[in-house]
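Readers should treat all values here as calculations from the given coordinates under stated rules, not as data from a laboratory. A quick note: this is a predicted structure, and the numbers were derived from the prediction, not measured. Cβ sites come from the backbone with ideal geometry, for glycine too, and all protein chains shown count toward neighbours.
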Amino acid sequence: MLPSMLLIAAALAEELDAALNLCSRRKKIAGAGVPLWTGVRGKETLHFLKLGVGPARSADRLQLALACVKPASILIIGYAGALDPSLKQGELVVVERADLLPEEFWDDPAKEIGPGPGWPLAGSVELCAAAEASGLPVRRGAVLTSSHIVGAPVAKLALFQKFHAAVVDMETAALARIAAAAAVPLRCVRAISDEVQDDFLAFLHHDPAAGPWRRAVQGLTAGNWVRRYSQWRERSEAARRSLRRFMAWYLSSC
């Protein structure tokens, strides 16, 4: 196994670049079976993993990466959708707990159900305190991990009222399960890319009654593509700037 102190992972390349671009001597690891890199920050060699989107794909890639490297800890970074109406674009949330969103929610959002399996994440209180002491504003809260895109404002609000999670993503709880099984502490920081009232991803929102053809038609008829794309780029760029600020502080202080 390759020695490593910290593994930084993100679903998307642009999310991972917020950390990877802060390092020198970046090099892709051949033969790992997953998109895995090393980079040097100061005197430390770090590892970086692109997870891909979704709970199944990201969990599989993390498991394969842990067969190649043995990190002392894992840091997950990336974008997330706000469920808490008080969260604004670009705000940073240190995740204290990750819960899987039960599939039954999609069959009947009004049904009284509890969250799926969940995992507490390591060191959220200490990480928040250190960031705030350095003048970096962060929030702390739980994340719901969904296997589908949550893009409709009414659904985001329903999830907040039902589960009281701050944000929703598509990876963290699945990754927390893998990390817990491997006895590796996992932390997670998410930057808000869409607020509760934002509807530019609503046409991608999961509809269990819609087959592939109907979803394709819904996408084609959603309209306002220029506005939707412009909003997404604006929000994701704000989130990416926040991630870069966080990573610059984190890699200088850890």
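Here are a few things to note about the model shown:
- Sum of side-chain charges, residue 51 neighbourhood, beta-carbon under 14 Å (Lys, Arg +1; Asp, Glu -1): -1
- In segment 45-122, the alpha-carbon atoms span a convex hull of 143 Å³ per residue.
- Of 68, 188, the sequence from fewest to most neighbouring Cβ atoms within 10 angstrom is 68, 188.
- Neighbour-count ranking [beta-carbon atoms within 10 angstrom, fewest first] of 73, 24: 24, 73
- Each principal axis of segment 1-88 carries a Cα extent, and these read 43, 30, 21 Å when sorted largest first.
- On full extension, the segment bounded by residue 129 and residue 249 gains 41.9 nm, given 0.36 nm per residue less the C-alpha separation.
- Hits among lysines - C-alpha to C-alpha of residue 88 under 22 Å, sequence gap 8 or more where chains match: 156, 162
- Straight-distance candidates among the lysines for linking to residue 43, with alpha-carbon spacing under 28 Å and chain neighbours fewer than 8 residues away dropped: 27, 28, 70.
- A straight line joining the Cα centroids of segment 134-203 and segment 33-71 runs 20 Å.
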